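Everything below concerns the one structure shown next.
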Amino acid sequence: DRLVGLTMLVALSPVMLAVAAAVAVTSPGPILFRQKRYGFNNELIEVYKFRSMFVDQGDATAAKLVTRGDPRVTPVGRFIRRTSLDELPQLFNVIKGELSLVGPRPHALQAKAANTLYDLVGTPREADGGDARPEGTRQDPRRSPRQRLLPHGGSATGPRREGDRA
């Protein structure tokens, strides 16, 4: 991981410099954003990203999800988030041995999905032993993979109407 991460860092350094310059020129504040997350063996690490929000409106704990057209995101931030260029500084975390190049990324400490902390998403509910993932989220077990991928509950042609054949 470290060797490949270092190679990627060198190869992508012109792109990273261009993104850093764009962030610096278009909005005042630091170029990098640091966010605390739990890494391997629950070690607390700081994950690096290019800053995509206005400094005074940043959310280091990720308590509020960023939505489409979110006014906290800078114009350059929209582009680097859409293209995932904001993630490139995580190569520094890979070189430090805190993250791997492949596999899931840890969530921010207070990150939420449907008003539920990510730490609690997917853990069993005590009351009924059911699934604690909010209905309609990525891993809702009540929805088939087809339902999760296609709009209208899995129908490629749209929602069923009265009189439609099954």
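The values are calculated or read from the model by the stated rules, or taken from the named source; none is laboratory data. None of the values given here were measured: they were computed from a predicted structure. Cβ placement follows ideal geometry from the backbone for every residue including glycine, while neighbour counts extend to all protein chains displayed. Heads up: the accessible areas ignore ligands, DNA and RNA and are worked out on the full protein's heavy atoms, side chains in. Shrake-Rupley method; radii C 1.70, N 1.55, O 1.52, S 1.80 Å.
With each pseudo-label sitting 7 Å past Cα toward Cβ, what's the E87-M8 distance in nm, one decimal?
Each label point lies 7 Å from its Cα, and together they span 0.8 nm.
Per the Debye formula with a single identical scatterer at each Cα and no solvent contribution, what log10 I(q)/I(0) holds for region 1-93 at q = 0.14, 0.21, 0.24 Å⁻¹?
With no solvent term, the Cα-only Debye profile gives -0.53, -1.10, -1.30.
Run the dipole for region 16-107 about the Cα centre, Lys and Arg Cβ at +1, Asp and Glu Cβ at -1, nothing else charged, and hand back the magnitude in debye, nearest 20.
Here the size comes out at about 220 debye.
What does the charge dipole of region 1-55 about its Cα centre add up to, to the nearest 20 debye, if the Cβ of each Lys and Arg holds +1 and the Cβ of each Asp and Glu holds -1?
Charge dipole of region 1-55: 120 debye, to the nearest 20.
Can you put V15, V10 in order of accessible area, largest first, using a 1.4 Å probe? Please report the intermediate quantities before stating the final value.
On the way: V15 60, V10 100 Å².
Ranking V15, V10 by accessible area, largest first, yields V10, V15.
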